[in-house]
Amino acid sequence: YSENCVDKNPGDNTDLCFVDMERGKPATGNPQSGIVGFPGDQNRDGGEGAIHCHGLAWANDVNDASARYKGNNLFFVSMYDHMYQRGYVENVPGAPMCGCVEQMPTVTRSDCTQIDATERFKIIYDSATNELDGSITLVDINFNSCQGINNRNNDLWAYMGRLFYEGKIRNDQWGEAGRIITNSNDCKNAIRAQYDVMGLEYGYDHDLSTFTFVAGRGELKVTEKYGHQAFATSMFEHSLTAPSNKDANPLDKTPILLRTCAECTDTHKRVFYRRLTPMPEDKDLLYCITETRGKCDGKNVWNQDFTLHSTYEDAVSGDNPWKCRNNAFNYGAPFDGECSPTGARVTNQWTVIHWSNPPQRNVGFYVNKPQDAVIEEVEPVTDVALRNSADEFVSEDVGLDVRVKGRVRLDEDGKIYVTGSGDNVWHNKDNFQFYHKDATGDFDVTVSVASFDNIMDSNAKAGIMFRSSTDHDSGHVSALLSGGKGLRFQKRSSKGNYGHNVGTFEPNPHRSNVWLRLVKQMTTINMYWSEDGSTWTQGGSTTMFFPEDTFQLGLFVCAHSADWQSEATFDNFVVSPYNFPSAAPSISAAPTIWDPNMYIGETQENVQFQTLSSTQTRINYDAGSGIDGDVDSFFYHAYQRLSSDAFEAVVHVDYFYGSHGAKGGIMIRDGTGESAANMFVGIYPAANTGVISQSRATEGGETVRHKSLYVPSNKAFVKLSYDGSGTIVAQYKAAEDDEWEDIENSTMNITFGDKLNVGIAVTGGGYDSYIDFRYSNFEITDL
């Protein structure tokens, strides 16, 4: 006993996940509560080191041999095999050395011993008394490794699975064991599940009076990462140790960046980065540290531009800087370089935020600036009711596919830092970040786009937007600076329509800042740009109808990438009501809400209008009896325009199936009456006729067919051009690269009222006539 029953190092057979102090309290009497977690396996990675777990189980039936000899099994496993033979005499702190499974720590597996009993029985029958007397004359017990399900032997959980499938224990008993004995390599998930049970939130509770969260990933991500300028301002101007001159080299004071790491080894859980030198304005230090490997083009060199420290106090004073093995920082391991307080090499303590599987997944970065001091983050709007009644500016991601959430941060000096992702603001759907408020009436809005950073695509956008709603396909007018293609004045004239340029400018050289201005005067919106905010150049003018003259007004950023964020720094953002210089009304007349989908004449009104892709739309089922004679019956997807507007409408007919009389294409129409004057160009699929043009010159007149032209497979581009004074010209081309051709006898003059309608017109040519009409690249462009 004195030689064997000693505290020997156990044979490591499991990974200890955590100790729940409440579980072990009945056996240990330990008054502590909470859990003690061991996210790693060995001492070097935050784990427990060598540990051994061994158990046994038995049937519920007291007559089963496993139950009758469970005491023998318990003595063999605990006293003889493990204590006497192996010398294992220590428990895990907070848990019993030996106890029921519900009292034990959570581990990834446990060895298991079962008993195999051979018994000999003797039965005596007394004929005089007619009684039986039985006894056991021999018991031979062997202690063997458990035989579990799925050929998993010497495994307690698998053995209990076997007992369950043999009907010897209940499913809740096996389930309880499964909650304590989790799967191999699953400690992190087991700890997280226990946190959820206890109502705890995984994260790092940073000191709000000293630090501001600026980037992170995994469980330590608090919000989206700061952009270039918001971080640079926080680090070099507003930190508690900001230099008096951020451009002096070396800096007289050294701003500090804290990195926390949930699963790093103890020395690397909190590391302080001390910046010694200024950072060029065109270099994003936070991006270099969190997203790249290397020296940031020679601007982030160890012991030249920065040092690392274990405490905040050391980082402030510069004492006890970290050392690197052979005095060499490994730039392939971002931030820590495999260095340590002693100079010993410590590996796999680094991360790259956008990588899917870096060595460390749960990290946070914090600059030593009090949270929300000077720069404050605007809480994004998630409540629809709040969004629709916004009297103040709110931050909101618009679109159906915004993967990296946008953020708005306000600097007390008036700057507005907006980060946004999204694949585009274009075609018939948008994805972007919008800092906006509700507006009604006429406004003059100016802003300086002081910088546009973190650009991954030249089509990234930042600027001013007036928008009908926050629906992804809403109408809008925008003045913007692009990531590499100059200035733009863009619009989508109505919900579901396609966006287009109203004005395009290509400043040379490429600009990263500009002043922008949008002025709304009733239904007219003018765009201006300036180098200095004083002398303005007009970039374009357009007409826009907002339903009830109510819209959203604000700033927007789109990275032109669903998985990346660009940042715009806005300054001098001024929103002023527009006052007409004369006695003309300063409030726009409120137009009625326009529904672009309508039925003209007598139809069965059962059309299906479907968006098949980002470019293709389908109209099918019965669509009316015809576009002919003096009365029409058809489905019309149309938009209102002023009759004084000059524009062209283009569409490509991709596919058209229909009976005799079916027609589909573009129509300009004077109102929605069944006998209204109109001009139509499109496809007439009967007998593969091809392109057809026709018109009704006056209301109630007869429809006149001008020309039909064969095109292969009834596919073609068709266009109607309107000059703003009544003249309409019909054109077509068979392929995209072909030149537009005028259609013979297809120039018409129609007298319109103040407004006209333009859009897609489709008819089946007869009641109950099924059609399948598919089109793409429908666009209405101002001339």
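Readers should treat all values here as calculations from the given coordinates under stated rules, not as data from a laboratory. Keep in mind that this is a model prediction, so the values were computed, not measured. In this analysis, Cβ positions are derived from the backbone assuming ideal geometry, glycine residues included, and neighbour counts consider all displayed protein chains.
Relative to the Cα centre, what is the charge dipole magnitude of the stretch 644-713, using +1 at the beta carbon of each Lys and Arg, -1 at the beta carbon of each Asp and Glu, and rounding to the nearest 20 debye? Please list the in-between numbers first.
On the way: 5 positive and 7 negative charges, 58 e Å.
Its charge dipole is roughly 280 debye.
Where in the stretch 79-185 are there GluC sites (Glu not before Pro) that are in a DSSP coil and have at most 13 other Cβ atoms within 10 angstrom of their Cβ? Mind showing how you got there, number by number?
On the way: sites: Glu90, Glu102, Glu119, Glu131, Glu166, Glu176; in loops: Glu90, Glu166.
Counting only loop positions with at most 13 other Cβ atoms within 10 Å, the GluC sites (Glu not before Pro) in the stretch 79-185 are Glu90, Glu166.
Which length gain, in nm to one decimal place, applies between Thr751 and Gln32 when the Cα-Cα distance is subtracted from 0.36 nm times their residue separation? Each step should come with its number before you reach the end.
Values: separation 719, 0.36 × 719 = 258.84 nm, distance 8.87 nm.
Result for the pair: 250.0 nm of gain on full extension.
With r as the distance between the Cβ atoms of Thr550 and Tyr331 and R0 = 60 Å, compute the FRET efficiency 1/(1 + (r/R0)^6) and round to 0.05. Walk me through the numbers before you get to the answer.
Working: r = 54 Å, r/R0 = 0.91.
Computed FRET efficiency for Tyr331 and Thr550 comes out at 0.65.
Treating the angle as unsigned and between 0 and 90°, give the value, to the nearest 10°, between the Cα long axis of helix 156-165 and the longest Cα principal axis of the chain.
80
List the residues, sorted by chain then number, that are 5 or more residues from Ser110 or on another chain and whose placed amide H is less than 5 Å from its amide H.
For Ser110, whose amide H was placed from the backbone, the distant partners under 5 Å are Leu156, Trp157.
With runs of 4+ DSSP H residues as the only contributors, calculate the mean residue ellipticity of the chain at 222 nm using -39,500 (n - 2.57) per run, divided by the residue total and rounded to the nearest 500.
Value at 222 nm, helices only, nearest 500: -2500 deg cm²/dmol.
Test of understanding: what is the full-extension gain from Ser530 to Asp563, defined as 0.36 nm times their sequence separation minus their Cα-Cα distance?
Values: separation 33, 0.36 × 33 = 11.88 nm, distance 3.18 nm.
8.7 nm is the gain from fully extending Ser530 to Asp563.
Taking a cut-off of 20 Å between Cα atoms, list the lysines near Lys188, but don't count ones fewer than 8 places away on the same chain.
Lys221, Lys269
Compute the FRET efficiency between Ile124 and Met79 as 1/(1 + (r/R0)^6), taking r as their Cβ-Cβ distance and R0 = 60 Å, and round to the nearest 0.05.
Values: r = 36 Å, r/R0 = 0.61.
Calculated transfer efficiency: 0.95.
Hey, what angle do you get for helix 187-197 against the long axis of the chain, alpha-carbon based, 0 to 90 degrees rounded to 10?
80
Within the stretch 62-85, find all residues whose amide N lies under 18 Å from a label point positioned 7 Å from the Cα of Ile136 along Cα-to-beta-carbon.
Residues 62-77 fall inside that zone.
In the set (1) 1.43; (2) 0.97; (3) 1.16, which value of Rg/Rh (Cα atoms, Kirkwood Rh) was calculated from the structure you see?
So the calculated entry is the one marked (3).
If the chain between Asp186 and Thr615 were fully stretched, how many nm would it gain, using 0.36 nm times the residue separation less the Cα-Cα distance? Walk me through the intermediate numbers first.
Values: separation 429, 0.36 × 429 = 154.44 nm, distance 4.53 nm.
Computed gain between Asp186 and Thr615 is 149.9 nm.
Across the stretch 556-561, in residue order, what do the Karplus-derived ³J(HN,Hα) couplings come to in whole Hz, using 6.51 cos²θ - 1.76 cosθ + 1.60 with θ = phi - 60° and x for Gly and Pro?
Couplings: 9, 9, 9, 7, 6, 7 Hz.
Between Trp355 and Ala686, what is the label-to-label distance in nm when each label sits 7 Å out along the Cα-to-Cβ direction?
6.8
Would you mind putting 706-719, 531-544, 621-634 in packing order, based on average other-beta-carbon counts within 10 Å, highest first?
Working: 706-719: 17.4, 531-544: 15.1, 621-634: 21.9.
Going from most to least packed, we get 621-634, 706-719, 531-544.
Quickly work out the Tyr165-to-Ser659 label distance, labels modelled 7 Å from Cα along the C-beta direction, and quote it in nm with one decimal.
6.3
Would you be so kind as to identify which of Ser482, Thr535, Thr550 lies farthest towards the positive end of the dipole of the stretch 462-562, taking Lys and Arg as +1 and Asp and Glu as -1 on Cβ and the Cα centre as origin?
Most positive-ward Cα: Ser482.
For the cross-link pairs Lys415/Lys461; Lys429/Lys491; Lys295/Lys369, which exceed 20 Å when the distance is taken from alpha carbon to alpha carbon? All intermediate terms of the calculation are to be shown ahead of the outcome.
Working: Lys415/Lys461 18 Å; Lys429/Lys491 12 Å; Lys295/Lys369 25 Å.
Listed pairs above 20 Å: Lys295/Lys369.
Taking θ as phi - 60°, what are the ³J(HN,Hα) couplings along the stretch 440-457 by the Karplus curve (6.51, -1.76, 1.60), each to the nearest whole Hz, with x for Gly and Pro?
Listing the rounded values in order: 9, x, 10, 9, 10, 10, 10, 7, 9, 7, 5, 7, 9, 10, 6, 8, 10, 8 Hz.
Return the loop-located trypsin sites (Lys or Arg not before Pro) in the stretch 102-211 (DSSP other than H, G, I, E, B) with at most 13 other Cβ atoms within 10 Å of their own Cβ; answer none if there are none. Write out the running numbers ahead of the final one.
On the way: sites: Arg109, Arg120, Lys122, Arg152, Arg162, Lys168, Arg170, Arg179, Lys188, Arg192; in loops: Arg109, Arg152, Lys168, Arg170.
Taking the stretch 102-211 and a limit of 13 other Cβ atoms within 10 Å, the loop trypsin sites (Lys or Arg not before Pro) found are Arg170.
Could you check the simple spin-label distance between Ser458 and His52, using points 7 Å along Cα→Cβ, in nm with one decimal?
6.9
I'd like to know which of Ala248, Tyr331, Ala450 lies farthest towards the positive end of the charge dipole of the chain, counting +1 on Cβ of Lys and Arg and -1 on Cβ of Asp and Glu.
Checking the options against the dipole of the chain, the answer is Tyr331.
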